[in-house]
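Colleague: So that we are looking at the same thing, I have put the structure below in C-alpha cells.
The values are calculated or read from the model by the stated rules, or taken from the named source; none is laboratory data. Note that the structure is a prediction, hence the values are computed from the model and not measured. Note: ideal-geometry Cβ built from the backbone for every residue, glycine included; neighbour counts use all protein chains shown.
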Amino acid sequence: MAFDVVIAGGGPGGSICAAQLAKRGVSALVLEKAHHPRFHLGESLLPQSMPVLKDIGIFDDIHTRFIVKRGANFHESGTLKQARYDFAEAFDRSTTFAFEVPRDEFDDILFRHAKTCGADMREGWKVDRIDCSDAENGGPVRVVATDEKDASHTFECRLAIDATGRDAITAHEKRATEKVPELDKTAVFSMWQDAWRDTGDREGDIQIIVFGTGDETGWFWSIPFKDGRTSVGAVLASTWIKRRKKSATTIPELYALAISESPAMQRIVRGATQIMPARAMADFSYRVRDLAGPGWIAVGDAGGFIDPLFSTGAHLAMYGGFHAANKIADVLATGRNPRPEDFTEWSALMRKGAELFLGSVQAFYRGSLTPYLFADDQHPFLRRAITSMLAGDVFTGHDRWVREMQTRFPAILSS
Ligand SMILES: Cc1cc2nc3c(=O)[nH]c(=O)nc-3n(C[C@H](O)[C@H](O)[C@H](O)COP(=O)(O)OP(=O)(O)OC[C@H]3O[C@@H](n4cnc5c(N)ncnc54)[C@H](O)[C@@H]3O)c2cc1C
C-alpha cells in the first residue's frame, strides 16, 4: 500500500491529523477538493487548542501572524450591559490565550505545515467515496477520488479519515446524521473594515452580543483581525426570520435588519465599512451516529457540529485530529491495522466534550444561561467554570470543574 492513512479534507482537522501522523512516521495522504487559501467560517480559536499547535510545531508562527485573543466579552443587546471573561481566570491557567484567525490564511498555513512535516498534501482532489467493504476482513480500504483533470484514482490504505467538514461524506452516505432539536438557526455574516474593537490587551477579544428572548433568541459575533478587518455575523432563530418576512427577504436585507435592531451591534459597526456582501448558512447543527467503523474514522465537523456560540468547532476538529493521529500511530506501531474498538476511548472523549458544549448552547437558547452570564453577584466558582468552558477545557476539565458544575448548576450544564 502506498499510504497507511488517506485523509479526505484538508481543513484544520485533516491537516493537523496529517501533520501529527507524519511526525510519528506514518505515511499520510490528504486529498483536499479546494485550493488554499479559501474562505471559511470558524475564525475564533480557544486556548485549549494551543497545546496542539505547539505539539505539531506551528505555534510560534501562528503567534507572530495573528491577533491574540485573551477573553470573550458578552453584551446584552438592548441594555448594553457587558460581562467579560478573561481566560487567565480559568481553572487551567497553563494556556491563557488563543488567536483570531482569518481562516483562509490559517488553514493554508496548517496545510503547508503538514507538507513540511512529511505528509503528501494534494489540492484540487475531490474524494468521491470511501470503500471499506473489505476492511472488516483485514483487506484494504479504498479511497476513490477525482483529480483536477477529472481523472478518477483509487488509493488503498489501512485507514481512511473523513475530515470533509460539513460535507461529512461518510455520515451522509450512511444516512447517519440527525438534526439537533431546537437548533434550526441561520447564520448571516460579512466582513467590516475599522469596526469598533477594544484596546490594549483586550483588542483581540471576541465580542458576543446576545439579543431576543424565547423563540427569537439569537446572538452576534464580532471577531477582530490583525489587519483591521472584523468578521461580524448573526445567528438567527427561524422564528425571528419568519416574523420579519415582510421587511427583509434577501440575505443582505436580513443582515442589515438584524444589525439595525441591535443597539450594541450598531455601536460596533458605527463609522465602519462593510467590505463583503452578506452571506448565509442555514441549519448547521447536526449529530452523527458513529465516529468510527471498520476502516474509517470521522474527525471534526464530519463527526457532528454544534451551534458556534462558544467558538468550539475548530477546537473539536484540531483536538480530535491530533489525538486520533496518536492513537493510529500507536496501533500501526504494533504491526496491525486499526480496528473500530481502538477508537472507543477517543470517540467517547470527543462525544463528552461536544455534548458539554451542546448542553450549554441549549441552555442559552432556553434562556437559562444568560442571567448567569450577566449576573452582578456572580459566584466565583461559576465565573471560573464559565471561563473554563469558554477556554475549551472540556476534555480534561472533568476533575477540575465539570462535575461540580453539573451538580451545582444543572440548569446550565447538564450531565
Ligand atoms: C456560522 C458559523 C460560525 C463559526 N464560528 C466558529 C468560530 O468562531 N470558532 C470555531 O472554532 N469554529 C467556528 N465554526 C465552526 C468551524 O467552521 C468548523 O467547526 C471547523 O472549520 C471544522 O474543521 P474541519 O477540519 O472539521 O472542517 P473544515 O474546516 O470544514 O474542512 C473540511 C475540508 O474538507 C474539504 N472537503 C469537503 N468535502 C471534500 C471531499 N469530498 N473531498 C476532498 N475534500 C473535501 C473542504 O473543502 C474543507 O477544506 C463556525 C461555524 C459556523 C457554521
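Colleague: Mind telling me which of the residues L236, L254 ends up being at pLDDT 95 or above, outside any strand (DSSP E or B) and crowded, with 20+ Cβ neighbours inside 10 Å?
Modeller: Criteria check complete, one pass: L254.
Colleague: Of all residues being aliphatic (A, V, I, L, M) and within 15 Å of the ligand (Cβ to nearest atom) in segment 1-15, which is nearest to G165 (Cα to Cα)? Just the residue, please.
Modeller: A8
Colleague: Residues being on the phi < 0 side of the Ramachandran plot and touching a helix residue (DSSP H, G or I) at 6+ places or on another chain (Cβ under 7 Å): count how many of those fall in segment 186-234.
Modeller: Residues meeting the conditions: 18.
Colleague: Inside segment 190-204, can you point out the residues that are within 14 Å of the ligand (Cβ to nearest atom) and either assigned to a loop (DSSP other than H, G, I, E, B) or of a type outside the set (A, V, I, L, M, F, W, C) (or both)?
Modeller: If the condition is that a residue be within 14 Å of the ligand (Cβ to nearest atom) and either assigned to a loop (DSSP other than H, G, I, E, B) or of a type outside the set (A, V, I, L, M, F, W, C) (or both), then S190, G204 are the ones that fit.
Colleague: Determine whether T164 is out of contact with any strand residue (DSSP E or B) (no Cβ under 9 Å at 6 or more places or on another chain) and closer than 19 Å to Q20 by Cα.
Modeller: Judged against the criteria, T164 is not a match.
Colleague: Give segment 36-68 a look and list any residue that's free of Cβ contacts under 8 Å to residues at least 12 places away in the same chain and either of a type in the set (D, E, K, R) or within 15 Å of the ligand (Cβ to nearest atom) (or both), or say none.
Modeller: Within segment 36-68, K54, D60 qualify.
Colleague: On to the next question. If a residue has to be over 17 Å from R129 (Cβ atoms) and within 11 Å of the ligand (Cβ to nearest atom) to count, how many in segment 166-182 make the cut?
Modeller: The qualifying residues number 1.
Colleague: Which of (1) farther than 18 Å from L21 by Cβ; (2) out of contact with any helix residue (DSSP H, G or I) (no Cβ under 7 Å at 6 or more places or on another chain) is the odd one out, the single condition T177 does not satisfy?
Modeller: Failing condition for T177: (2).
Colleague: Okay, next question. Residues that are over 21 Å from Y286 (Cα atoms): find the helices (runs of 4 or more DSSP H) completely inside segment 330-415 holding 3 or more of those.
Modeller: 370-373, 380-390, 403-408
Colleague: Now, a different point. Could you tell me whether T239 is among the β-branched types (V, I, T) and away from the ligand (no atom under 12 Å from the Cβ)?
Modeller: yes
Colleague: While we're looking at this one, here's another question. Just to verify a result, which residue in segment 205-231, among those that are assigned to a loop (DSSP other than H, G, I, E, B) and under 18 Å from the mean Cα position of the chain (by Cα), is nearest to S262 (Cα to Cα)?
Modeller: D205
Colleague: Being surrounded by fewer than 23 Cβ atoms within 10 Å (Cβ to Cβ), hydrophobic (A, V, I, L, M, F, W, C) and in contact with an Asp or Glu (Cβ under 7 Å, 6 or more places away or on another chain) is the requirement here; does A151 meet it?
Modeller: no
Colleague: In the list S133, S77, S94, which residue meets the criterion of being away from the ligand (no atom under 15 Å from the Cβ), small (G, A, S) and in contact with a Phe, Trp or Tyr (Cβ under 6 Å, 6 or more places away or on another chain)?
Modeller: When all the criteria are applied, what remains is S77.
Colleague: Within segment 205-217, restricting attention to residues that are of a type outside the set (V, I, T) and surrounded by fewer than 24 Cβ atoms within 10 Å (Cβ to Cβ), which residue is farthest from the ligand (Cβ to nearest atom)?
Modeller: Per the criteria, the residue is G214.
Colleague: Another one. List every residue pair whose Cβ atoms lie under 6 Å apart, where the two residues are 6 or more positions apart in sequence or sit on different chains, the first residue falls within segment 389-414 and is of a type in the set (D, E), and the second residue, located anywhere, is surrounded by fewer than 23 Cβ atoms within 10 Å (Cβ to Cβ).
Modeller: D393/D92
Conditions tested, residue by residue: (1) in contact (Cβ under 8 Å) with a residue 40 or more places away in the chain; (2) not small (G, A, S).
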{"residue": "D92", "(1), (2)": "yes, yes"}
{"residue": "R103", "(1), (2)": "yes, yes"}
{"residue": "D128", "(1), (2)": "no, yes"}
{"residue": "E136", "(1), (2)": "yes, yes"}
{"residue": "V141", "(1), (2)": "yes, yes"}
{"residue": "A145", "(1), (2)": "yes, no"}
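Colleague: Now for a separate question. Can you tell me which residues in segment 6-48 are touching a strand residue (DSSP E or B) at 6+ places or on another chain (Cβ under 8 Å), of a type in the set (S, T, N, Q) and surrounded by 23 or more Cβ atoms within 10 Å (Cβ to Cβ)?
Modeller: S15, S44
Colleague: Based on this model, can you work out whether V141 counts as β-branched (V, I, T) and touching a Cys at 6+ places or on another chain (Cβ under 9 Å)?
Modeller: Criteria met by V141.
Colleague: Is at least one residue of segment 148-156 in contact with a helix residue (DSSP H, G or I) (Cβ under 9 Å, 6 or more places away or on another chain) and either more than 9 Å from the ligand (Cβ to nearest atom) or more than 22 Å from V331 (Cα to Cα) (or both)?
Modeller: no
Colleague: Additional query: Take segment 310-339 and flag every residue that is closer than 21 Å to F87 by Cβ and in contact with a Phe, Trp or Tyr (Cβ under 6 Å, 6 or more places away or on another chain).
Modeller: Passing the criteria: F310, T312.
Colleague: Applying the selection to segment 242-265, what residues are touching a helix residue (DSSP H, G or I) at 6+ places or on another chain (Cβ under 9 Å) and over 23 Å from S311 (Cβ atoms)?
Modeller: Answer for segment 242-265, where residues must be touching a helix residue (DSSP H, G or I) at 6+ places or on another chain (Cβ under 9 Å) and over 23 Å from S311 (Cβ atoms): R243, R244, S247, A248, S260.
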